[in-house]
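Everything below concerns the one structure shown next.
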Amino acid sequence: MIRSLAALIGCTAILLVHADAQVRPIYDTGAAGLVQLLQRLQTTASVLHTGAHPDDEDSAFLARAARGDHARVAYLSLNRGEGGQNIIGNELFDALGVIRTEELLQARRLDGGEQYFTRTFDFGFSKRRDEAAMRWNEREVLGDMVRVIRMFRPLVINSRWGGTSADGHGHHQLAGYLTPLAFKAAADPNEFPEQLQEGLRVWQTRKLYSRPLDEAPATIQVQTGILDPALGRTYSEIAFEGRSQHKSQNQGTIESLGPLASGLRLLEAVVTVQKPEQSIFDGLDVSMPGLAKLSGLPDGTVRTELAAIDAAAKKALQDYQPLEPSRIVPSLVDGIKAVRAARQALSSMGGSSNNARIDADFVLALKEQDFTEAIIRAAGLVIDPLADAETVVAGGRIGVNVRVFLAQPSLASVGAMAVKVPQAWAVKEAADREAQGGRGRREVPTSSLRFEVSVPATAAITQAYFLEQPRQGDSYRWPEGSAKGTPFAPSLLIGEVGVKVGDVNLVVSRPVQYRFADPIRGELRRPVNVVPRVTVGLDTRLLIVPLGGNAPRAQRVVARVTSGSPEPVSGTVRLRVPAGWSVSPQDAAFELKSPDEQTSASFTVTAPANRRSGGFDIDAEARVGSSAFSQNLQLISYPHIQTHRLYWPAHARAQVVDLKVASVKVGYVMGGGDEVPDAIRRMGIDVTMLDADMLATGDLSQFDTIVVGIRASETRPDFVANNGRVLKYVERGGTLIVQYQQGEYIERNMAPYPVSQKGNPRVTDETAAVKILAPGHPVFTFPNRITADDFNGWVQERNLYAFADFDRRRYTPLLESADPGEAAQQGGELYAEVGKGRYVYTAYAWFRQLPAGVPGAYRQFANLISLSKAPR
């Protein structure tokens, strides 16, 4: 058989698995799922959708194409959304990108698509295409898009964006601009030839669509509000359900009924298209018999085999009965035999049609997957390999039970079983151990075999492949040999079972998972991860050390050591501090007896009396015997996504700052999750988190200053309900500092005086000049004298969701800034006196600057919380 392109890109004809996810694949299981699979057997349709971010995608279009047209469908997002805000937690940047990658996978599991990415890192909101092109390296991004096209090989591409200023966001503009270029470059062997050397092949997509423009209206309306009788839902309903998986973006939405359509504009076609179009696949024969012509094979090539595939697929669908699915197994067996015959015939062909043969074989390999999966489902065959544990350490061992359940043992016979492992790992059969079901119930598989997997001492820890190496600017560095362009690396362990159905042999693969019962959520599954024997982390990533001989010099730092080993481990943990600094004690012993057990050691770090301003490194290290461990574990765990482990250096930065802060009592209304309360504590100020009871009935007058966290008007209904009480606190003499809020804050009239936020004013250039409009105001004089230097070293952006208009009789604008070429913006920080008290709305990005240790941000925020003690 000819070498399959599917094999070259890691898509074997027997590996029938989906990306791990928490959302149940409700539209892919049971009778409805099998009906869809049978319908997909009859078509070669495929479409790639492109966009810039998680949530850019037209998910109704994806659902219609995947579940209505039964096409192979994928969404290519330029980035993983790292530059956004997180409404469900305090993870930002890379960690937020992992969350949003997972949220895309949950959405794809519902709408039926696959997911791909380029290497770009979302650096935040951009207003210009040229900025995105410069920061990401346009050529590199184009190459990544071409890679995905050559991997996925779609017949149709649909660009979510048009590549013009009408797209708004600069990332959108670049995605829309590059998609037509990638459409052409993917077919050109002179473009990105290194990909061809890796085994990929050029690919000519047949049709290219984009979003309609005012001057170029839609050429086709793809109906997405159609009820699918097998699924019992419209494609748009499914899409809205998927949209609600973007929980970190606050994207939960109503699953609307009724007519709905996605308008598309045909940009290019290399086939003849009759207008008006009725389908995005008009002009393409996407039937199985049409594969020969579509691939460019000589007339008559594998005609008989393709007709047999089509006939078998149609007969299976026609004969299918939900209560008796096994009756279609013979037709499906005929279908897979015809697929294999077609592939064999292609491999034995001579002549000059090598490219056409490989193109056709790519599709046939996918059809072999589909027929295999259909046979397994129709025969009631379940293959479920389970590991004894979720984690294993390098040099350790883990048990795996490969289990087979047959609803009708007469339909299939089970052959060899195996566990596929990475290179240099070892696997051997082991003594049986009884597997348990829920609450100790014994499960009785039709067949099972137990294996012991040995992990080499040199095995790498399991983590997101795009985080293995430090980023280069705003782009990830993909390791050689990694799963480039995919969401995450494939499962480490694969259970493999040979089965015979009728007179055909199949090899079925499933990822090995660890299964456990959560007392609240029920059964959960996790992929197997390699973890360090121990991880070490510090209780803070940042120390703020005031400058000056009389300022406090000593700070308490707590090192946490956590075991990943099933065996007891013991050793010492210590801190490495800068020259001239001291630490006490020098080290601390630890002993951990079981995995996930944790212990802490407290150290006192003292800065020298003659310290200077700047940043200084503090690192932690744990030693177990002759081995040193210096990685901290960040666990990403939410109910709606799969769990991930991220590893970072066990490091803290000590920032010596010329900083003063008044003695104030601060209350904090947490919003969408930020680390500003920790930053206030680093200044030596206690913070009381204000819960619903305190906001409703507590004594707010005990606080000199109350700070409202980002987007609290969206996430804290108790804050919204008690906003009047908070404003009364201000009228009676309190100081209220409100960080950026979105439209709800204005719509609910929560500001003390009239404001508007039309057009989402923001300054995205973190280096944009900032003018202090009221240099004598206490916000800039007490207790720290603020100058232009305090705006140096900012990250990602200046401000976001500023006020566009405000009552200038009552509000005093404090700062002015603008992106290049734009009008000056004065609504980013406003001061108002309300009764006896003070109110400040500040849209400057403190939630990013303070965790990053920007010295000027600390000095300015110290002044804001000290405002209650400033002279009027």
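All conditions in (1) open to solvent by 10 Å² or more (accessible area, probe 1.4 Å); (2) part of a loop (DSSP other than H, G, I, E, B) hold for G853, with the sole exception of (1). Of all residues in region 112-135, those that are part of a loop (DSSP other than H, G, I, E, B) have Cβ atoms under 7 Å from Cβ atoms of residues that are aromatic (F, W, Y) and surrounded by fewer than 23 Cβ atoms within 10 Å (Cβ to Cβ), 6 or more apart or on another chain, in R119/W478.
Counting only strands (runs of 3 or more DSSP E) that sit wholly inside region 459-576, not one has at least 3 residues that are touching a residue at least 40 places away in the same chain (Cβ under 8 Å) and aromatic (F, W, Y). State yes or no: is D94 open to solvent by 10 Å² or more (accessible area, probe 1.4 Å) and under 25 Å from N632 (Cβ atoms)? Criteria met by D94. Of all residues in region 344-355, those satisfying the criterion of being in contact (Cβ under 8 Å) with a residue 12 or more places away in the chain and surrounded by fewer than 20 Cβ atoms within 10 Å (Cβ to Cβ) are Q344, A345, S347, M349, G351, S353, N355. Residues in region 476-494: is at least one under 30 Å from W648 (Cβ atoms), open to solvent by 20 Å² or more (accessible area, probe 1.4 Å) and β-branched (V, I, T)? For region 476-494, residues under 30 Å from W648 (Cβ atoms), open to solvent by 20 Å² or more (accessible area, probe 1.4 Å) and β-branched (V, I, T): present. Are any residues in region 724-744 open to solvent by 10 Å² or more (accessible area, probe 1.4 Å), closer than 23 Å to V676 by Cα and assigned to a loop (DSSP other than H, G, I, E, B), and if so, which ones? Correct list: Q742 only. For region 97-117, indicate whether the set of residues that are farther than 25 Å from L178 by Cα, among the β-branched types (V, I, T) and buried (at least 24 other Cβ atoms within 10 Å of the Cβ) is non-empty. Looking for residues that are farther than 25 Å from L178 by Cα, among the β-branched types (V, I, T) and buried (at least 24 other Cβ atoms within 10 Å of the Cβ), one finds at least one in region 97-117, hence yes. Just checking, does region 265-272 include any residue being among the charged types (D, E, K, R), buried (at least 18 other Cβ atoms within 10 Å of the Cβ) and not in a helix (DSSP H, G or I)? Yes: region 265-272 contains one or more residues that are among the charged types (D, E, K, R), buried (at least 18 other Cβ atoms within 10 Å of the Cβ) and not in a helix (DSSP H, G or I).
Of the residues making up region 421-431, none is under 25 Å from D28 (Cα atoms) and either at pLDDT 95 or above or open to solvent by 50 Å² or more (accessible area, probe 1.4 Å) (or both).
Restricting attention to region 168-189, the residues that are under 23 Å from P217 (Cβ atoms), open to solvent by 10 Å² or more (accessible area, probe 1.4 Å) and in a helix (DSSP H, G or I) add up to 4. Here region 41-88 is the region considered, the condition is being outside any loop (DSSP other than H, G, I, E, B) and among the hydroxyl-bearing types (S, T, Y), and the residue that is nearest to L306 (Cα to Cα) is T43. Just so you know, in region 14-41 the residues that are surrounded by 22 or more Cβ atoms within 10 Å (Cβ to Cβ) and in contact with a strand residue (DSSP E or B) (Cβ under 9 Å, 6 or more places away or on another chain) include one that is modelled with the highest pLDDT, and it is R40. For region 745-754, the set of residues classified as outside any loop (DSSP other than H, G, I, E, B) and either under 12 Å from G828 (Cβ atoms) or in contact with an Asp or Glu (Cβ under 9 Å, 6 or more places away or on another chain) (or both) consists of Y745 only.
Among the residues making up region 707-723, those that are open to solvent by less than 10 Å² (accessible area, probe 1.4 Å), closer than 22 Å to R681 by Cβ and in a helix (DSSP H, G or I) are A712, F719.
Scanning region 658-670 for any residue that is within 23 Å of E833 (Cα to Cα), in a helix (DSSP H, G or I) and either without any contact (Cβ under 8 Å) to a residue 60 or more places away in the chain or in contact with a His (Cβ under 8 Å, 6 or more places away or on another chain) (or both) turns up nothing.
Of all the criteria given as (1) within 30 Å of G821 (Cα to Cα); (2) out of contact with any Leu (no Cβ under 8 Å at 6 or more places or on another chain), the one not satisfied by M689 is (1). Condition check: among the charged types (D, E, K, R), in contact with an Asp or Glu (Cβ under 9 Å, 6 or more places away or on another chain), on the phi < 0 side of the Ramachandran plot and surrounded by 13 or more Cβ atoms within 10 Å (Cβ to Cβ). Does R556 satisfy that? Criteria not met by R556.
Only residues that are open to solvent by less than 30 Å² (accessible area, probe 1.4 Å), of a type in the set (A, V, I, L, M, F, W, C) and closer than 16 Å to V333 by Cα were counted in region 365-419, giving 10.
Scanning region 682-691 for residues that are among the hydrophobic types (A, V, I, L, M, F, W, C) and either open to solvent by 50 Å² or more (accessible area, probe 1.4 Å) or in a loop (DSSP other than H, G, I, E, B) (or both) yields M683, I685, M689, L690.
How many residues are among the aromatic types (F, W, Y), open to solvent by less than 20 Å² (accessible area, probe 1.4 Å) and either assigned to a loop (DSSP other than H, G, I, E, B) or touching a Cys at 6+ places or on another chain (Cβ under 9 Å) (or both) if we restrict to region 144-167?
The total comes to 0.
Taken over region 305-320, the criterion of being under 39 Å from the mean Cα position of the chain (by Cα) and either open to solvent by 40 Å² or more (accessible area, probe 1.4 Å) or within 27 Å of S348 (Cα to Cα) (or both) is satisfied by I309, D310, A313, K314, L317. Annotation note: of R109, R119, the sole residue that is closer than 25 Å to F240 by Cβ and under 18 Å from the mean Cα position of the chain (by Cα) is R109. Are there any pairs with C-beta distances below 8 angstrom linking a residue in region 768-791 that is under 18 Å from G828 (Cα atoms) to a residue that is part of a loop (DSSP other than H, G, I, E, B) and of a type in the set (D, E), with the two at least 6 apart or on different chains, and if so which? Correct list of pairs: A768/D819. Can you spot a residue in region 288-304 that is of a type in the set (V, I, T), open to solvent by 40 Å² or more (accessible area, probe 1.4 Å) and assigned to a helix (DSSP H, G or I)? Checked region 288-304: at least one residue is of a type in the set (V, I, T), open to solvent by 40 Å² or more (accessible area, probe 1.4 Å) and assigned to a helix (DSSP H, G or I).
So is A341 without any contact (Cβ under 8 Å) to a residue 24 or more places away in the chain, closer than 25 Å to N505 by Cβ and open to solvent by 30 Å² or more (accessible area, probe 1.4 Å) or not?
When the stated conditions are applied, A341 does not pass them.
For region 378-414, a residue qualifies if it is of a type in the set (D, E, K, R), touching an Asp or Glu at 6+ places or on another chain (Cβ under 9 Å) and under 30 Å from F629 (Cβ atoms), and exactly one does: R397.
Between N792, N799, the distinction of being of a type in the set (S, T, N, Q), under 13 Å from T764 (Cα atoms) and under 36 Å from the mean Cα position of the chain (by Cα) belongs to N799 only.
The values are calculated or read from the model by the stated rules, or taken from the named source; none is laboratory data. These numbers were taken from a predicted model, which means no experiment stands behind them. Virtual Cβ from ideal backbone geometry, glycine too; neighbours counted across all protein chains shown. Please note that ligands, DNA and RNA were not included when accessible areas were found on the heavy atoms of the full protein model with its side chains. Shrake-Rupley method; radii C 1.70, N 1.55, O 1.52, S 1.80 Å.
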